[in-house]
Every structure is written in C-alpha cells, then in structure tokens.
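Asker: Quick one: this structure, given as structure tokens, is what I'll be asking you about.
What follows is calculated from the coordinates using simple rules that are stated; it is not laboratory data. What you see is a predicted model; the values in this text were computed from it and never measured. With ideal geometry, Cβ positions are generated from the backbone for all residues, glycine too; neighbour counts draw on all protein chains shown.
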Amino acid sequence: MVDETPLILLTRPRADAEGFAANLRKQGVMARIVVSPIVEIVPMPNQSALMAEVSGASGVIFTSRNAVAAAPEGVGQFAWCVGSATAEAARAKGWSAVAAKGDADQLVARILADAPKGPLIHLCGAVTRGAVAQRLNAAGLNTREIVVYRQEARGLSEPALQILSQKTPLIVPLFSPRAAALFGAQGPFDAPLTVVTMSEAVKEALGELPCDQVILAAQKDAESMTNAITGLLDAG
C-alpha cells in the first residue's frame with residue numbers, strides 16, 4: 001500500500017534548507033522533511049582585500065543571502081538588496097540596506113531611481129543571473145562584480161534518492177534556476193512530484209523533468225513558497 005502523505009525534499013544549501021524547514025515547522029507542517037543540498041556555498045578567501053575594495057565604493061549590491069554571508073561586515077555602508085530576506089541579513093551584518101521587490105529587474109530599477117553617484121560593487125556568486133552590473137553600466141552607472149563565493153554542485157543524497165524512487169507523493173520547492181537545472185538533470189524520478197517554483201525562470205530551468213504538477217509561488221519570496229506548500233498540504 002502506498003503512503004499518500006506527501007514528503008518534502010529541500011535541495012537548498014544546508015543553512016538555507018534548515019532555516020526553511022524550521023519555518024515550515026512553525027507553520028504546523030508535520031510532514032517528513034529530507035534535506036539534500038545540491039549546491040554547496042564556498043566563500044572566497046582574502047576578506048581583508050575585499051574590505052579595501054568595498055570601502056572605496058559608494059555602495060554595494062547583494063542578490064542573495066549567500067553573498068551577504070560571504071561578504072565582510074558592513075560597518076554602516078549602504079547596500080541595495082534584491083529582496084527583504086537579503087536586506088534583513090545585510091542589516092544584521094552591519095549594512096545600511098534597502099530592499100527591492102524580489103528580482104533583478106526590480107533591483108536595477110530601484111538603484112537607477114535612487115541615482116547613486118557610484119562606483120558600486122555587486123558582491124555575488126560565481127554563477128549569477130540578471131546581468132545586474134552589466135545593465136547598470138549600460139545605464140551609465142559605474143558598477144563591477146566581485147565574486148565572494150562559488151556554488152559547487154552536489155549529487156542528491158542517498159535518503160533523497162530513496163524517497164525519489166518510491167511512489168509516495170513528494171513536494172520539492174525550488175528557489176533558483178540553477179537548483180532547478182541541477183535537480184532536473186538528475187531525473188527522471190519514480191516519485192509523483194509536485195514542484196513549487198519561486199519564478200517562471202525556475203520553472204523553465206526544470207526542462208523536461210516529468211512532474212505531476214508545477215506550482216508557481218504567488219511572490220518571489222520564502223513566505224510565498226511556504227504558503228504554497230502549506231496550501232498543498234491543507235488541500236490534502
């Protein structure tokens with residue numbers, strides 16, 4: 001007999017996955033949660049040199065909390081952030097942060113509307129999307145990228161592969177196109193999959209992976225991803 005109680009598979013970097021799992025528990029989610037990061041965040045060295053670079057800029061740009069974690073302390077310097085969660089993390093690390101509305105388009109628009117004099121530095125991962133620095137430069141705002149971490153791909157863990165090989169329904173939230181592409185490349189899977197995606201770009205990155213359904217979160221933030229999952233579980 002197949003257990004129809006859905007399981008949840010989290011593939012984010014471990015710290016993010018564990019934080020998201022804790023939030024699901026706070027929302028009353030009792031389903032089994034398996035954490036299997038398919039990307040490991042590896043900070044770059046030379047923090048002292050990075051601090052010297054940052055101190056000469058009129059502000060920095062963060063497009064992920066991973067970049068905030070890998071960056072030096074902000075000591076009150078200004079930071080434009082892609083969304084509220086990234087801005088919250090930046091403030092906790094000493095940056096004077098403002099938040100855009102969750103994607104690169106909104107972030108670029110916010111920076112151009114604020115009209116800083118520059119130069120700006122985009123502190124980012126080795127793999128990044130949205131061409132933020134390039135678009136700002138094209139608009140006449142001197143901006144350059146500095147890579148503060150790299151994203152190393154990882155295979156799915158044995159516990160993850162086990163639940164993916166069963167017939168129990170499985171909910172898989174995916175937060176980035178890179179995660180979606182890496183997950184899709186390791187399929188197809190036997191489990192009936194419901195994938196919750198943060199954006200259309202994430203959905204497209206899944207490619208041809210067979211899924212029972214793909215659900216797009218209402219907004220590009222963790223709260224909307226949580227709401228989508230709890231809605232699925234409540235619908236039973």
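Asker: Select from Arg14, Arg32, Arg91 the residue whose mean-square fluctuation is largest in a Gaussian network model of the chain (Cα-Cα springs shorter than 10 Å).
Answerer: Among Arg14, Arg32, Arg91, the largest GNM mean-square fluctuation belongs to Arg32.
Asker: Here is a follow-up. Given the DSSP H assignment, sum -39500 (n - 2.57) over each helix run of at least 4 residues in the chain and divide by its residue total; what's the result at 222 nm in deg cm²/dmol, nearest 500?
Answerer: Taking each H run of at least 4 residues, the total per residue is -11000 deg cm²/dmol.
Asker: Roughly what would the spin-label model give for Ala49 and Arg32, points 7 Å off Cα along C-beta, in nm?
Answerer: 4.7 nm
Asker: Continuing with the same structure: Just grab the label-to-label distance for Arg144 and Glu73, each label 7 Å out from Cα along the Cβ direction, in nm (one decimal).
Answerer: That separation, rounded to one decimal, is 2.6 nm.
Asker: Then there is this: Can you compute the modelled spin-label distance between Glu152 and Glu204, with each label point 7 Å from Cα toward Cβ, in nm?
Answerer: Label-label distance for Glu152 and Glu204, simple model: 3.1 nm.
Asker: Label point 7 Å out from Glu88 along Cα-to-Cβ: which residues of segment 9-35 have amide N under 11 Å?
Answerer: Label zone hits: 20, 23.
Asker: Of all beta bridges DSSP finds with both residues in the chain, what is the antiparallel percent, to the nearest 5?
Answerer: Taking every DSSP beta bridge with both residues in the chain, the antiparallel ones total about 15 percent.
Asker: What net charge is computed for the residues neighbouring Val42, neighbours being all others with C-beta under 9 Å from the C-beta of Val42, Lys and Arg scored +1, Asp and Glu -1?
Answerer: -1
Asker: Please give the length that would be gained between Glu18 and Glu223 if that part of the chain were fully extended, namely 0.36 nm times their separation in residues minus their C-alpha to C-alpha distance (nm, one decimal).
Answerer: Result for the pair: 72.3 nm of gain on full extension.
Asker: Okay, moving on. Can you tell me the relative contact order of the chain? Whole percent, Cα pairs under 8 Å, sequence separation 6 or more.
Answerer: It rounds to 20 percent for the chain.
Asker: Dipole magnitude of the chain about its Cα centre, charges +1 at Lys/Arg Cβ and -1 at Asp/Glu Cβ only, in debye to the nearest 20?
Answerer: Dipole magnitude for the chain comes out near 580 debye.
Asker: Can you give the Kirkwood hydrodynamic radius for the chain, in Å, rounded to one decimal and based on Cα pairs?
Answerer: Across the chain, the inverse of the average 1/r is 18.7 Å.
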